[in-house]
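The values are calculated or read from the model by the stated rules, or taken from the named source; none is laboratory data. All of these numbers come straight from a predicted model, not from anything done at the bench. Here the Cβ positions follow ideal geometry from the backbone for every residue, glycine too, while neighbour counts run over all protein chains shown.
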Amino acid sequence: MAASTPLISAGLALRVHGLRKTFGDVVAVAGLDLEVSPGECFGLLGPNGAGKTTTIEICEGLTQPDAGEVELLGRTWHDHGDDLRQRLGIQLQETQLSEKLTVQETLRLFRSFYRNGRDVGDVISLVQLDEKRRARVGTLSGGQKQRLALGCALVGDPELVFLDEPTTGLDPQARRQVWELIEELKATGRTILLTTHYMDEAERLCDQVAIVDHGRNIALGTPRQLIAGLGAEQIVAFAVEKQAAGRLDPQTLAAIATAIDATRPAHATDTGWELPVAALHLAIPALLAELDRRALPLAELRTHSPTLEDVFVSLTGRALRDA
Amino acid sequence: MPDPGHPAPVRAALVELTLVRLREFVREPEALFWVFGFPLLLALGLGIAFRNRPPESARVGVLRSVPAAVASSLDSATGLTAVPLEDDSAGASALRTADVALVVAPSAGGGIEYRFDPSRPDARMARLLADKAVQQGAGRHDAIPVAEATVRERGARYIDFFIPGLLGLNLMGSGIWSIAFAVVTARKQKLLKRLVATPMSRSQYLMSFLLARLFFLVLEVGVLVGFAALVFDVPVRGSFVTLGLICLVAALSFSAMGLLVASRARTVEAVSGLANLVMLPMWIFSGVFFSSANFPRVMQPFIQALPLTGTVDALRAIMLRGATLASVSGELLLLLAWLVVPFVIALRLFRWR
């Protein structure tokens with residue numbers, strides 16, 4: 001399997017080809033390809049249930065694929081499993097480290113598994129847990145626990161790091177701390193594969209992003225390329241006063257979209273509706289006139305440049321969070 | 001504070017894993033109580049309940065209408081206490097409430113009548129003592145002269161019987177629970193999965209449980225045997241080496257059983273049920289609290305094959321009868337089989353994620 005395509009994988013940190021995995025009736029991964037270059041931070045972006053975790057766990061050698069090839073650092077799990085374990089750093093989505101151990105004890109344990117690794121004290125400083133070095137894991141906050149999990153992934157001085165939803169469930173400040181940590185990691189030239197369902201995370205951290213939906217890779221590129229692929233679009237976001245919101249039915253929305261020459265149908269946000277348009281200077285007056293004509297009082301109006309979120313909407317017709 | 005010039009030494013993984021086991025255990029106060037405190041309380045309670053008392057004197061009711069000579073013989077008899085009773089109804093009431101074990105009443109023709117419940121051992125005893133006093137008081141002499149020598153042997157009391165049983169029970173309980181809970185908790189928290197994502201050796205992971213058990217074994221056995229010797233003067237007549245060897249092999253075989261019980265379970269509830277299912281027959285049949293010989297003959301092959309039966313029998317033989325290693329080799333082989341077979345099956349079944 002590995003020998004069949006050695007030339008293609010030359011120089012790649014990770015190559016995945018034709019990956020498939022089903023659990024019972026559920027198709028988790030339906031033919032997925034990935035290529036990650038050394039030193040790259042590669043993001044798997046997609047909604048919950050898109051197959052991101054299954055994909056990353058197959059890459060980590062924890063799940064057997066039904067079909068497909070996985071090559072890491074030019075090696076396969078089948079032939080070089082022990083060697084790969086020494087060279088990978090892994091953070092899983094749901095691991096709860098033992099609450100009764102201290103930060104330092106936990107990292108010492110993980111360090112003892114690797115032939116070559118980093119000094120435990122250095123790793124504690126790297127993940128900014130110096131003050132918590134002797135604290136029990138059970139007393140740490142969510143963000144501190146997550147940084148400790150990252151420390152466990154890094155203590156073996158890995159060449160290739162897998163991070164599965166590293167900031168899910170964290171508050172904004174804790175997320176930013178984790179991001180800074182990942183950026184430091186990138187700066188040292190390590191290859192990173194991370195999964196996320198946060199657009200802003202992928203845009204900030206990833207050199208390459210694969211958008212995954214229903215177990216398939218539906219778009220690939222740098223965040224900038226993917227956004228540029230939408231054309232010269234701008235996004236108009238608006239909301240009407242609460243008492244009028246009921247009159248904003250699908251028919252009305254479709255009529256508004258036509259009136260302002262939207263490039264795609266409207267989709268709902270937390271507070272109102274979003275419409276992508278090609279020409280903002282024409283769309284805004286048209287929208288105001290249309291709402292006025294229908295006696296729909298405007299409560300909010302914003303515009304923004306498209307994000308990866310809009311890329312996902314344009315590709316699937318769904319918003320990431322309700323996909 | 002960390003000193004960048006002197007990186008912390010990296011210990012071997014097996015050492016770190018074993019240290020983790022010890023730390024997790026020591027930092028769980030409840031576990032400490034169940035392993036050390038509870039057996040001591042149990043031993044203390046049962047030791048007090050079944051302590052050896054001086055022979056009790058039987059209470060014998062004597063109706064007023066009994067001839068005076070008989071009544072005075074009963075009054076001066078040793079081993080029984082005569083209780084004067086007014087009439088028949090007082091006698092019946094005293095018997096019914098077990099205030100007396102026997103009532104002595106007059107019968108027709110100048111004789112006396114013993115009223116008692118023959119299904120009560122103390123009543124039968126009271127009848128013999130009372131009759132002896134009455135007959136001797138009336139002039140009967142023993143045909144053969146009899147002398148008595150009383151013997152009270154250390155090692156024949158209930159507490160002597162019970163301590164080896166409790167020791168075995170403790171080896172079983174802590175062996176199975178400590179491993180089953182730790183493994184299932186790690187599995188439930190996805191910690192097992194995280195560990196197998198590192199280069200950690202799986203066999204070293206499992207071995208760390210056995211090593212940690214050995215460490216606590218020394219304490220468990222030492223505390224219980226020491227307590228029993230100090231408080232109840234329970235003997236250890238065999239060699240401590242043989243005793244230690246049996247405890248070691250028993251602890252390892254129960255650990256292997258704990259590993260087997262925990263090899264698939266995903267929740268603490270599931271593993272608790274399984275562990276209780278495995279341990280309950282041994283609680284009942286293995287002769288911890290009373291001799292397993294009380295069970296019917298057809299059940300004996302099953303009972304003798306249980307690892308706790310082997311453990312308890314061997315411990316009793318060593319502690320109370322001073323048995324040598326050779327004479328407990330049968331039990332030792334049984335325990336070794338219970339170590340190897342469950343361990344091999346557990347390794348095959350073990351669910352790492």
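Take the residues in region A:73-95 that are over 21 Å from the mean Cα position of the chain (by Cα) and without any contact (Cβ under 8 Å) to a residue 60 or more places away in the chain; name whichever of them is nearest to the other protein chains (Cβ to nearest Cβ).
Restricting to residues being over 21 Å from the mean Cα position of the chain (by Cα) and without any contact (Cβ under 8 Å) to a residue 60 or more places away in the chain, the top hit is A:Arg85.
Out of curiosity, is A:Ala28 more than 9 Å from chain B (Cβ to nearest Cβ), in contact (Cβ under 8 Å) with a residue 40 or more places away in the chain and either over 30 Å from A:Thr316 (Cα atoms) or assigned to a loop (DSSP other than H, G, I, E, B) (or both)? Before the answer, list the steps.
Numbers: more than 9 Å from chain B (Cβ to nearest Cβ): yes; in contact (Cβ under 8 Å) with a residue 40 or more places away in the chain: yes; either over 30 Å from A:Thr316 (Cα atoms) or assigned to a loop (DSSP other than H, G, I, E, B) (or both): no.
No.
Has region A:165-185 got at least one residue that is buried (at least 20 other Cβ atoms within 10 Å of the Cβ), within 13 Å of another protein chain (Cβ to nearest Cβ) and either more than 24 Å from the chain's Cα centre (by Cα) or not in a loop (DSSP other than H, G, I, E, B) (or both)?
Taking every residue of region A:165-185 in turn, none turns out to be buried (at least 20 other Cβ atoms within 10 Å of the Cβ), within 13 Å of another protein chain (Cβ to nearest Cβ) and either more than 24 Å from the chain's Cα centre (by Cα) or not in a loop (DSSP other than H, G, I, E, B) (or both).
Across region A:47-61, which residue is nearest to the chain's Cα centre (by Cα) among those that are assigned to a loop (DSSP other than H, G, I, E, B) and within 14 Å of another protein chain (Cβ to nearest Cβ)?
A:Glu60
Within the set of pairs 6+ apart or on separate chains, which have a first residue in region B:132-155 that is on the phi < 0 side of the Ramachandran plot, a second that is among the hydrophobic types (A, V, I, L, M, F, W, C) and at pLDDT below 85, and C-beta atoms under 6 Å apart?
From residues that are on the phi < 0 side of the Ramachandran plot, the pairs are B:Ala133/B:Ala77.
Residues of region B:132-160 being part of a helix (DSSP H, G or I) and either at pLDDT 90 or above or within 30 Å of B:Phe232 (Cβ to Cβ) (or both), which ones?
Once the filter is applied, which keeps residues that are part of a helix (DSSP H, G or I) and either at pLDDT 90 or above or within 30 Å of B:Phe232 (Cβ to Cβ) (or both), region B:132-160 yields B:Tyr158, B:Ile159, B:Asp160.
With respect to A:Ala255, is the statement that it is in contact with a strand residue (DSSP E or B) (Cβ under 9 Å, 6 or more places away or on another chain) and in contact (Cβ under 8 Å) with a residue 12 or more places away in the chain true?
Judged against the criteria, A:Ala255 is not a match.
Among the residues in region A:11-25, are any within 30 Å of A:Arg224 (Cα to Cα), without any contact (Cβ under 8 Å) to a residue 24 or more places away in the chain and either assigned to a strand (DSSP E or B) or away from chain B (no Cβ under 12 Å) (or both)?
No: zero hits.
Taking region A:117-157 as the region of interest, how many residues are of a type in the set (Gly, Ala, Ser) and without any contact (Cβ under 8 Å) to a residue 24 or more places away in the chain?
If we filter region A:117-157 for residues that are of a type in the set (Gly, Ala, Ser), which is where we start, we get A:117, A:121, A:125, A:135, A:138, A:141-143, A:149, A:151, A:153, A:156.
When the remaining residues are screened for being without any contact (Cβ under 8 Å) to a residue 24 or more places away in the chain, the result is A:121, A:125.
Of the residues in that region, 2 qualify.
The conditions are (1) under 21 Å from A:Arg247 (Cα atoms); (2) of a type outside the set (Val, Ile, Thr); (3) under 20 Å from the mean Cα position of the chain (by Cα), and A:Arg293 fails exactly one of them. Which is it?
Against the list (1) under 21 Å from A:Arg247 (Cα atoms); (2) of a type outside the set (Val, Ile, Thr); (3) under 20 Å from the mean Cα position of the chain (by Cα), A:Arg293 comes up short only on (3).
Of all residues in region A:96-106, which are assigned to a helix (DSSP H, G or I) and at the interface with another protein chain (Cβ under 9 Å from one of its Cβ atoms)?
Listed by number, the residues that qualify are A:Gln104, A:Glu105, A:Thr106.
Kindly provide the set of residues from region A:123-136 that are buried (at least 19 other Cβ atoms within 10 Å of the Cβ) and either hydroxyl-bearing (Ser, Thr, Tyr) or within 11 Å of chain B (Cβ to nearest Cβ) (or both), ordered by number.
Hits for region A:123-136 are A:Val123, A:Ile124.
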